[in-house]
Every structure is written in C-alpha cells, then in structure tokens.
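Colleague: Let me begin by handing over the structure; questions about it come next.
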Amino acid sequence: MTENTAGGGQDVVDILAADHRDMLELLGRVEAASDPGERRDLLDTVIAEVMRHSVAEEMHVYPVMEQHLPNGSEEVEHDKEEHQELVELMKKLEAVDAADPAFLELVRTFRGQLSHHADDEESDQFPALRAHIPADTLVELGRKVEHAKKLAPTRPHPHAPHAELFHKTVGPGVGMVDRLLDKLTGRRTG
C-alpha cells in the first residue's frame, strides 16, 4: 500500500483502493475454494468488508464528493445505486448454500459488480478527490473512514437507507447487533 505522509498517515484514496483489492482478492479465493465451508467463511468475510467499506464511504466520502467535485451529487447518486445492487446481491448470497452450484454463479456476479464499482471509483472519482481536496484533508478523511469501518454493520440490510445521517445515528447500533450475531453464530467477518 502506498502511504501518503502528509498529515502522518494514509489518505482515503489509498485506503479505499486497498479495500477494493482485498475484497476482490477474497472473492477470487471464494471461487477457487473447493470446500463449501471455506467458501462460506471467505464470503462472509467479504460481505462484512464490503458493508464496512460502503458505510464508511456513505458517511464520510460521499458528502465530501457532493460538496467538492464537479458532478459530485450525480456521482454519489450513481454510487449509492450500485451499493444497493451489491447489498441485494449479498443478501441473496447469504441465503444460498455454499455447496449449491448457484452459489458460485452469484459469487461471479458479485465479483463483476464489485469490480465495476471499484473501477468507476478508481478511474474517475479517486483522481478527482486528489485534484480537488488538499492532501492533509484526505489523510484526515482516511482516519474517519477507518474509524467508521470499526462501527459499521457487517451484514447487508437491503431496506436501510444509504444516507450519512442514518449511518451516523442508527448505524453504530445496527453494527453492534450485527457483530453480536456474528459472535453468537460463529460467523467469520475478517
């Protein structure tokens, strides 16, 4: 990972791009795994990471994009629609047995959608963030994103709004319940 030393830490772009690589690599491991239990464990980890990443973006990155980027509001609306598609797909994946052939087909679809979303962000939005936001602000935004990921939900909630206010007020409680359920059920989340 590249470290931006302005402000003494990684900037938000480096953090989010590393998340993308990690999530896509884990999905590749899901596809390569032959044991259904291993597939499920790896997928549960990916789902938790995607949820943490998405919530952190919606809480901290999207408001900055709307405020500072040309066409920021349109970009954010598009990203939120893609997040909703990913949430709905993750919810379907939770319900499918990892030994069912449909499972791997859904994983491939998930990987394709996540890859498309990551490419959009990395090719257009991340360079725009660096062009319009000072480096020290991007480092501070990275700290906020890392903190938000620690409190975020680990499970998909298709009816939850993709809104900063929801994530800041209700999200930590939802995240706490998710983490409790994960612990009680033995679900691996990274």
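Here, each number is a calculation from the coordinates, and none is a lab measurement. Not measured: the values here are computed from a predicted model. In this analysis, Cβ positions are derived from the backbone assuming ideal geometry, glycine residues included, and neighbour counts consider all displayed protein chains.
Colleague: Can you compute 3J(HN,Hα) from phi for each residue in region 112-125, using the Karplus curve 6.51 cos²θ - 1.76 cosθ + 1.60 with θ = phi - 60°, rounded to whole Hz and x for Gly and Pro?
Modeller: Listing the rounded values in order: x, 5, 5, 4, 4, 4, 4, 4, 4, 5, 6, 7, 10, 6 Hz.
Colleague: Please give the residues of region 98-120, grouped as numeric ranges, whose backbone N is less than 18 Å from a label point set 7 Å along the Cα-to-Cβ vector of Asp35.
Modeller: Inside the label zone: 98-100.
Colleague: As a check on your grasp of the helix formula, calculate [θ] at 222 nm for the chain: sum -39500 (n - 2.57) over DSSP H runs of n ≥ 4, divide by the residue count, round to the nearest 500. Mind showing how you got there, number by number?
Modeller: Working: 9 runs with 138 residues, N = 190.
Dividing the helical sum by the residues of the chain leaves -24000 deg cm²/dmol.
Colleague: Where the Cα atoms of region 103-190 are projected onto their three principal axes, how long is each span, largest first, in whole Å?
Modeller: Answer, in whole Å and largest first: 44, 34, 24 Å.
Colleague: Amide H to amide H under 5 Å from Asp11: which residues, 5+ apart in sequence or cross-chain, H placed 1.01 Å off N in plane?
Modeller: Long-range HN contacts for Asp11: Asn4.
Colleague: Would you please report the Å³ per residue occupied by the convex hull of the alpha carbon atoms in region 49-96?
Modeller: 51
Colleague: By counting other Cβ atoms within 10 Å of each Cβ, how are Val107, Val61, Val170 ranked from fewest to most?
Modeller: Details: Val107 23, Val61 28, Val170 14.
By the 10 Å Cβ count, ascending, the order reads Val170, Val107, Val61.
Colleague: Same structure again: Apply the a/c threshold of 1.5 to the C-alpha gyration tensor of region 143-190 and tell me whether it is rounded, prolate or oblate.
Modeller: Details: a/c = 2.21, a/b = 1.41, b/c = 1.57.
In terms of gyration-tensor shape, oblate.
Colleague: Nearest 10 degrees, 0 to 90: what angle lies between the long axis of helix 72-95 and the longest principal axis of the chain (Cα atoms)?
Modeller: With rounding to tens, the tilt is 20 degrees.
Colleague: Computed from the mean reciprocal separation of all distinct C-alpha pairs, what Kirkwood hydrodynamic radius does the chain have, in Å? Write out the running numbers ahead of the final one.
Modeller: Details: mean 1/r = 0.0591 Å⁻¹.
Every distinct Cα pair counted, the radius reaches 16.9 Å.
Colleague: Here is a follow-up. Can you order the peptides 63-76, 177-190 by their average number of other Cβ atoms within 10 Å per residue, highest first? Walk me through the numbers on the way to the answer.
Modeller: On the way: 63-76: 15.8, 177-190: 13.5.
Highest mean packing first, the order is 63-76, 177-190.
Colleague: Oh, and also: State to the nearest 20 debye the size of the charge dipole of the chain about its Cα centre, where the only charges are +1 on K and R beta carbons and -1 on D and E beta carbons. Each step should come with its number before you reach the end.
Modeller: On the way: 21 positive and 38 negative charges, 179 e Å.
Dipole magnitude for the chain comes out near 860 debye.
Colleague: Using only the Cα atoms of region 1-110, build the gyration tensor, take square roots of its eigenvalues as a ≥ b ≥ c, and label the shape rounded, prolate or oblate: rounded if a/c is under 1.5, else prolate if a/b is larger than b/c, else oblate. Mind dumping the intermediate values first?
Modeller: Details: a/c = 3.20, a/b = 1.68, b/c = 1.91.
Oblate.
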